[in-house]
Amino acid sequence: MIIIMLGAPGTGKGTAAKVLTKGLNIPAVSSGDIFRKAIADGTELGKEVEGYISNGKLVPDELTIKVIEARLKEPDLANGVILDGFPRTTEQAERLDKFLSQEGKKIDLVVNLETPVEELIERVVNRRKCPNCKADFNMKLNPPKTGEICDFCGTPLERRADDNEETMRARLDTYEKQTAPIVDFYQKQGNLLTAEVSKRCGRMAPELAESIIEDFRKKGLV
Ligand SMILES: [Zn+2]
């Protein structure tokens, strides 16, 4: 089973992927995980990737595709994978299709999470992290018991410098421009599930993931 996760930062894409991993018993890997593993494994491709990342440069399309293809051939992903953060361009999506068909595989589902921009911004500006024990809080959704102090170790919580409205709007803008063509691409293929996850619609990313698992069960796919 191959599932692709699409969704702007803050939609809960990673959380949804975790729920799917548990329910479907297939690993979730992000493009970042794949790069880090290639570097840690010391492969030729990993060394190339490291060259770009250590210089703060974006890994080019061609290299990204090669690294992902190599990762998808590894035995732990033989039964399927949930891909998060790849493909990012139509070129990558086309190459992934080609690769999968050579392997006799196909994408089963593309999940596209949508959340109103104002809600994403609210979530992000309210995020706090404990610098000591790394616990995550959200002043609106999951506030600590007292002020902005960590429940677990009593350390004052911190806000990431880029968790502000201006940066978030820019990130969302970039995401939108980059992803719209991929959404179109999969829409045409007919394997796209676009679903709103928000307070407004009363369903968040984990509940959506549960309903996807339920649907697979009904169809006898898991
Ligand atoms: Zn703490």
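Every number here is computed from the coordinates shown, using simple stated rules; none is lab data. A quick note: this is a predicted structure, and the numbers were derived from the prediction, not measured. Glycine also receives a Cβ, built like all others from the backbone with ideal geometry; neighbour counts cover every protein chain displayed.
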TODO: Return the only residue of Thr179, Thr174, Thr194 being away from the ligand (no atom under 16 Å from the Cβ), in a strand (DSSP E or B) and at negative phi.
DONE: Thr194
Open item on the list: Cβ contacts < 7 Å: first residue more than 20 Å from Glu91 (Cα to Cα), restricted to region 45-63; second residue among the small types (Gly, Ala, Ser) and assigned to a helix (DSSP H, G or I), any location; separation 6+ or different chain. Result?
Closed with: Gly46/Ala38
Task: Complete set of residues in region 42-73 that are in contact with a strand residue (DSSP E or B) (Cβ under 8 Å, 6 or more places away or on another chain) and farther than 23 Å from Ile2 by Cβ - done: none
TODO: Tell me which of these Thr174 doesn't satisfy, since it passes every other one: (1) loosely packed, with under 13 Cβ neighbours inside 10 Å; (2) in contact (Cβ under 8 Å) with a residue 24 or more places away in the chain; (3) not small (Gly, Ala, Ser).
DONE: (2)
Open item on the list: Residue pairs, Cβ under 6 Å, 6 or more apart or interchain, first in region 137-154 and among the hydrophobic types (A, V, I, L, M, F, W, C), second more than 13 Å from the ligand (Cβ to nearest atom) and in a loop (DSSP other than H, G, I, E, B). List them.
Closed with: Met139/Asn126
Task: Failed condition for Asp151, given (1) touching a Pro at 6+ places or on another chain (Cβ under 6 Å); (2) more than 16 Å from the ligand (Cβ to nearest atom); (3) in a loop (DSSP other than H, G, I, E, B); (4) not small (Gly, Ala, Ser) - done: (2)
Task: Qualifying position, being within 16 Å of the ligand (Cβ to nearest atom), in a loop (DSSP other than H, G, I, E, B), in contact with a Lys or Arg (Cβ under 8 Å, 6 or more places away or on another chain) and closer than 15 Å to Gly10 by Cβ, among Arg128, Arg160 - done: Arg160
- [ ] Please list, ordered by first then second residue, the pairs with beta carbon atoms under 8 Å, 6 or more apart or interchain, first in region 18-36 and free of Cβ contacts under 8 Å to residues at least 60 places away in the same chain and within 12 Å of Leu72 (Cα to Cα), second of a type in the set (S, T, N, Q) and assigned to a helix (DSSP H, G or I).
- [x] Pro27/Thr21; Ala28/Thr21; Ser31/Thr64
